[in-house]
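Have a look at the structure below before the remarks.
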Amino acid sequence: MIRAFLAILRRDLALATRAGGGGELALVFFLTLVVLVPFALGPDLNLLSRIGPAILWLGALLATLIGLDRLFQGDEEDGSLDLIRASVLPLELAVLAKGLAHWLTTGLPLALCAPLLGLLVALPGDAMLPVAATLLAGTPALSFIGATGAALTASLRRGGLIVPVLVAPLTVPVLIFGVSASNSALGGTIPFLTPFLILCALSLAAIVIGTIAAAAALRLAE
């Protein structure tokens, strides 16, 4: 089962990192959003610094949604999903491997780029690493919540239009505590550790619940 899990993980990593696979597209979209928003806000650096964490988190959410519908739809179309269902690997572990591959190619690069992009939104130097840590801790929740929406629409021909509608409301708690923890790093009244630990708990819960829910949705669509 370990070899089957690693095989699915490697396959999805290869598909996501190839040209047009979605990993680079999400990173480019994130970079474009963070670059353009400061131009729209104008030269007020104090305002930009205050809303900088929110810009980074909103960009991470929108970048995560790009190509999310293809997480299971491509496998449904070429028959790979039927082989995964028939394999000895439990469907929950297959979903876990695909969700992990999505995070490794989308959420992790976004979090690693956050300190550099923090310069574009006038973040103080001592706040860049904490803000990156919040993205590192919170983006797994975005990937696995998204996996549930992708599984529900895997058999739909135009599922890409429905996935954001299903996923976006469920990500609101993650955005709230992610931005709250980031603002605490900028000198807010709430200690940084309090919202950060809640954010970590949300990610752990999303990994477990999202994996089980996505596997159940794929079984119902069989």
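Below are the figures for this structure:
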{"read-out": "Accessible area of segment 22-81 belonging to carbon and sulfur atoms, whole % at 1.4 Å probe", "value": "70"}
{"read-out": "Residues of segment 1-109: accessible area per residue with a 1.4 Å probe, Å²", "value": "50"}
{"read-out": "Within the chain, helix-based [θ] at 222 nm, where runs of 4 or more DSSP H residues each add -39,500 (n - 2.57), nearest 500", "value": "-26000 deg cm²/dmol"}
{"read-out": "Peptides ranked, highest mean first, by Cβ atoms within 10 Å: ranges 111-118, 63-70, 32-39, 82-89", "value": "63-70, 111-118, 32-39, 82-89"}
{"read-out": "Using θ = phi - 60° and Karplus 6.51 cos²θ - 1.76 cosθ + 1.60, couplings along segment 97-105 (whole Hz; Gly, Pro as x)", "value": "5, 5, x, 5, 5, 5, 5, 5, 9"}
{"read-out": "Whole-number percent relative contact order across the chain, with pairs defined as alpha carbons under 8 Å at least 6 apart", "value": "26"}
{"read-out": "Cα-based equivalent ellipsoid of segment 45-92: semi-axis lengths in Å, sorted from largest, via gyration tensor", "value": "40, 11, 4"}
{"read-out": "Gyration tensor over alpha-carbon atoms, the chain, equivalent ellipsoid semi-axes in Å", "value": "33, 17, 14"}
{"read-out": "Global geometry of segment 148-221, whether rounded, prolate or oblate, following the gyration tensor of its Cα atoms and the 1.5 cut on a/c", "value": "oblate"}
{"read-out": "Lys, Arg +1 and Asp, Glu -1 on Cβ, resulting dipole of segment 53-110 about Cα centre, debye, nearest 20", "value": "260"}
{"read-out": "Segment 151-222 - percent relative contact order, Cα under 8 Å, separation 6 or more", "value": "40"}
{"read-out": "Sequence ranges 42-49, 53-60, ranked by mean other-Cβ count within 10 angstrom, highest first", "value": "53-60, 42-49"}
{"read-out": "Of P169, C200, A216, farthest towards positive along the dipole that unit charges on Lys, Arg, Asp, Glu beta carbons give the chain", "value": "A216"}
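The values are calculated or read from the model by the stated rules, or taken from the named source; none is laboratory data. These figures come from a predicted structure and were not determined experimentally. Every residue, glycine among them, receives a Cβ derived from its backbone with ideal geometry; neighbour counts consider all protein chains shown. Side chains included, ligands, DNA and RNA excluded: accessible areas come from the protein's heavy atoms. Shrake-Rupley method; radii C 1.70, N 1.55, O 1.52, S 1.80 Å.
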